[in-house]
Amino acid sequence: MRTHNIAAIPADGIGPEVIEAGAGVLAALARRNGNVDYKLTFFDWGSDYYKKHGVMMPADGLEQLKPFDAIYFGAVGAPDVPDHITLWGLRLPICQGFDQYANVRPTKILPGITSPLRNVGVGDLDWVIVRENSEGEYSGHGGRAHRGLPEEVGTEVAIFTRVGVTRIMRYAFRLAQSRPRKLLTVVTKSNAQRFGMVMWDEIASEVAQEFPDVTWDKMLVDAMTVRMTLNPQSIDTIVATNLHADILSDLAGALAGSLGVAPTANIDPERRFPSMFEPIHGSAFDITGKGIANPVATFWTAAQMLDHLGEHECSQRLMAAVDRVCEAGIMTPDVGGTATTKEVTEAMIQAIYGSN
Ligand code: NAI
Ligand code: MG
């Protein structure tokens, strides 16, 4: 029996609803497989914890997480706590503290889901966005002076390092190389930003030499939004900075039908620390407690987690079940269905037991 120890942090809003759904699916996969166990340990960190203790997680939070094989994360954000506190108090410290520098965001149109793009269906949009997850525009470098006075200033400095850019480029080229089309688009903004972004481009060209079998091109981020919308078939793997990929992956999720199906993996490729797997969406206050949160993103990111843990058979079984359930039209309202989170989860569990 192989046991994988997973830290579950459901956190806020619909986070607990979708993580509960994901836990049910993981348990079904373990039972169906027979010789593997996914042992989830739950942590009650997040905005409620903050209201009680004044912090989103305890001071030794990272120490507590370190022994785990992976982290399964819901979402953070509460209407009555400022977003920069919730984000910088929990999710970003984990990403940065565990140097999860590669944020991997696959997008494709699932069967039965309609893209808002005309004439674009299953197979036409099949992308993986690699987001630089440790530096760039979200380095947390900056400050404010003369607060509240007319001469107040605020700076938010983007930091690009040779080490940071080289390692994300290598990760992206390697990922592109592993996919059938071996095609990578490097997103940039080096026309307007003359320093960090020009270095980004130069390092991309250097790393490209190591991957002669990967076809790559360069695209300004604004033009990239147009290409994603008008010519989605021309794209396969994408690498972009922290900010650019944050925005592009929301667009990608929307073009694939809903934010509710878009997963993300925060990976430490060197495996020094646990990697973290989560849906892209936030805590969705508008639907919290209604039982209609789409759990598919949380299932899909569990498949990413299983691949990371080396459980490829379970991962494939999970994604096959997602395809089957979506194809059968058992979907939540955000993607045009009438099912509840629980009904989708139940259908997933049946599909997993029924699979060969
Ligand atoms: P959001 O992703 O929570 O919601 C945007 C829209 O998408 C809402 O209409 C929501 O109902 C819908 N939606 C999102 N996930 C869905 C799902 N699984 N099923 C069905 N519909 C879904 O983004 P928003 O409203 O900008 O942010 C709400 C809070 O979440 C904020 O506090 C924000 O800071 C936080 N947030 C946290 C993230 C994280 O934990 N990684 C990521 C994005 C936002
Ligand atoms: Mg985002």
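Checked against (1) farther than 21 Å from Ile349 by Cβ; (2) at pLDDT below 95, Gly34 passes all but condition (1).
Can Leu230 be described as over 23 Å from the mean Cα position of the chain (by Cα) and within 29 Å of Gly336 (Cβ to Cβ)? So Leu230 fits the description; yes.
Kindly provide the set of residues from the range 336-356 that are under 19 Å from Ile19 (Cα atoms) and among the hydroxyl-bearing types (Ser, Thr, Tyr), ordered by number. Result: Thr340, Thr341, Thr345.
Of everything in the range 292-322 that is in a helix (DSSP H, G or I) and touching a strand residue (DSSP E or B) at 6+ places or on another chain (Cβ under 6 Å), the residue that is surrounded by the fewest Cβ atoms within 10 Å (Cβ to Cβ) is His308. Applying the condition of being among the aliphatic types (A, V, I, L, M), surrounded by fewer than 24 Cβ atoms within 10 Å (Cβ to Cβ) and in a helix (DSSP H, G or I) to the range 246-265 and asking which residue is nearest to ligand 1 (Cβ to nearest atom) yields Leu259.
Can you pull out every residue in the range 276-291 that is more than 9 Å from ligand 1 (Cβ to nearest atom) and crowded, with 23+ Cβ neighbours inside 10 Å?
Met276, Phe277
Quick check: anything in the range 129-137 under 30 Å from Pro111 (Cβ atoms), β-branched (Val, Ile, Thr) and not in a loop (DSSP other than H, G, I, E, B)? Yes, there is a match, as at least one residue in the range 129-137 is under 30 Å from Pro111 (Cβ atoms), β-branched (Val, Ile, Thr) and not in a loop (DSSP other than H, G, I, E, B).
Each row is one residue, and each column tells you yes or no for (1) within 16 Å of Ile129 (Cβ to Cβ); (2) in a helix (DSSP H, G or I); (3) assigned by TED's automatic domain parsing to the domain that holds Thr237.
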site	(1), (2), (3)
Leu175	yes, yes, yes
Arg181	yes, no, yes
Gln193	no, no, yes
Val198	no, yes, yes
Phe211	no, no, yes
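Being more than 16 Å from ligand 2 (Cβ to nearest atom), hydroxyl-bearing (Ser, Thr, Tyr), modelled with pLDDT of 95 or more and within 27 Å of Gly310 (Cβ to Cβ) is true for just one of Thr288, Thr237. Which residue is that? Before you say what the answer is, go through the steps one by one.
Working: Thr288 fails: within 27 Å of Gly310 (Cβ to Cβ).
Selected residue: Thr237, the only one of Thr288, Thr237 that is more than 16 Å from ligand 2 (Cβ to nearest atom), hydroxyl-bearing (Ser, Thr, Tyr), modelled with pLDDT of 95 or more and within 27 Å of Gly310 (Cβ to Cβ).
Screening Tyr138, Tyr101 for residues that are farther than 18 Å from His308 by Cβ, hydroxyl-bearing (Ser, Thr, Tyr), crowded, with 16+ Cβ neighbours inside 10 Å and out of contact with any Leu (no Cβ under 6 Å at 6 or more places or on another chain) leaves exactly one candidate, Tyr138.
When each of Asp60, Asp80 is tested for being within 14 Å of ligand 1 (Cβ to nearest atom) and exposed (fewer than 11 other Cβ atoms within 10 Å of the Cβ), the lone residue that passes is Asp80.
The values are calculated or read from the model by the stated rules, or taken from the named source; none is laboratory data. Remember, it's a predicted structure, so these values are computed and weren't measured experimentally. For neighbour counting, all protein chains shown are included, and Cβ atoms are generated from backbone atoms with ideal geometry for every residue, glycine included.
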